[in-house]
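Below: the structure, in structure tokens.
The values are calculated or read from the model by the stated rules, or taken from the named source; none is laboratory data. This one's a predicted model, so the numbers in the text were calculated from it and none came from an experiment. Virtual Cβ from ideal backbone geometry, glycine too; neighbours counted across all protein chains shown. Calculation scope for accessible area: heavy atoms of the full protein, side chains included, ligands and nucleic acids excluded. Shrake-Rupley method; radii C 1.70, N 1.55, O 1.52, S 1.80 Å.
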Amino acid sequence: MSRKTQRPQRRPIVVVRQPIGAPLSPAQRAVVDRCRALPELTDPLEAELTVSGAVAGVVADEQFWAGIIEHAVSLPSRRNDRLLRVLAALLTGRPGEWASDAVRPWGPPLRVGGAWVCDRSVDAGYLALICVYRFVDEHAMVFLVDELAGGVVRQAFVTRDVDLARRRVAEQGPLSGIGAEAAHWLLAKSYDRLDRNPGLRVDPEVRRTRLLAGRRIALAFG
């Protein structure tokens with residue numbers, strides 16, 4: 001048979017499978033999917049809110065975060081890289097250390113500023129806390145602590161308008177300065193009570209901003 005009439009050899013078809021990374025549970029997959037916009041976010045506060053909001057309805061323990069971090073490390077992408085960097089900055093305890101071992105935290109350093117309290121525990125049964133923080137620009141977290149329910153955080157929200165937050169809270173009663181460590185000690189106790197009673201009904205923003213509060217409590221204590 002001449003070279004012109006030789007039949008070309010058929011090469012076996014090779015199926016190239018896209019890597020899927022470490023397997024995720026449905027809850028973990030849902031959290032990762034909710035963080036798809038992270039690569040486009042340039043504001044570290046917005047990035048924190050995105051990740052914290054993604055786990056608002058989830059019991060995110062160490063095992064939960066270990067799975068997400070392992071998945072992000074094993075499957076490099078822009079989203080997973082940014083997710084790891086935000087987790088390295090946002091998470092506390094061992095999960096934060098695991099994320100930090102994989103990447104450096106993203107964004108400017110977070111600093112704790114002033115704090116104020118409006119104590120209405122005697123007549124109205126609650127106290128309100130305003131805690132100020134700064135990346136580049138200031139923002140505040142405002143907390144309503146229900147003293148009648150044992151000191152549980154009932155409401156929490158984030159605002160960039162610190163002056164407006166102070167004026168609105170001052171309308172409820174006298175506003176007094178309080179040390180940052182004392183304010184965050186109150187918050188730590190309040191969130192501990194909430195974490196031990198996950199069935200308590202609280203404003204959805206309390207759970208959506210839970211990771212933000214946890215990071216700031218840890219930062220205030222050094």
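Criterion first (open to solvent by 20 Å² or more (accessible area, probe 1.4 Å) and either over 14 Å from the mean Cα position of the chain (by Cα) or not charged (D, E, K, R) (or both)) does Asp123 satisfy it? Here the answer is yes, as Asp123 does meet what is asked. Taken together, Ile217, Ile130 contain a single residue that is open to solvent by less than 50 Å² (accessible area, probe 1.4 Å) and in a strand (DSSP E or B), which is Ile130. Of everything in segment 142-181 that is more than 13 Å from Ile130 (Cβ to Cβ) and assigned to a helix (DSSP H, G or I), the residue that is nearest to the chain's Cα centre (by Cα) is Glu181.
The set of residues in segment 50-72 that are over 20 Å from Ala22 (Cα atoms) and buried (at least 21 other Cβ atoms within 10 Å of the Cβ) contains only Ser52. Of all residues in segment 73-108, those satisfying the criterion of being open to solvent by 80 Å² or more (accessible area, probe 1.4 Å) and either within 24 Å of Asp137 (Cβ to Cβ) or assigned to a loop (DSSP other than H, G, I, E, B) (or both) are Pro76, Arg104.
Could you say whether any residue in segment 191-203 is open to solvent by 80 Å² or more (accessible area, probe 1.4 Å) and touching a strand residue (DSSP E or B) at 6+ places or on another chain (Cβ under 6 Å)?
Within segment 191-203, the subset open to solvent by 80 Å² or more (accessible area, probe 1.4 Å) is 195-196, 198, 201.
Pick out the ones that are also touching a strand residue (DSSP E or B) at 6+ places or on another chain (Cβ under 6 Å) and you get none.
The answer is no, given that none of the residues of segment 191-203 is open to solvent by 80 Å² or more (accessible area, probe 1.4 Å) and touching a strand residue (DSSP E or B) at 6+ places or on another chain (Cβ under 6 Å).
Taking the criterion of being part of a loop (DSSP other than H, G, I, E, B) and within 25 Å of Asp43 (Cβ to Cβ), the residues of segment 109-127 that qualify are Pro109, Leu110.
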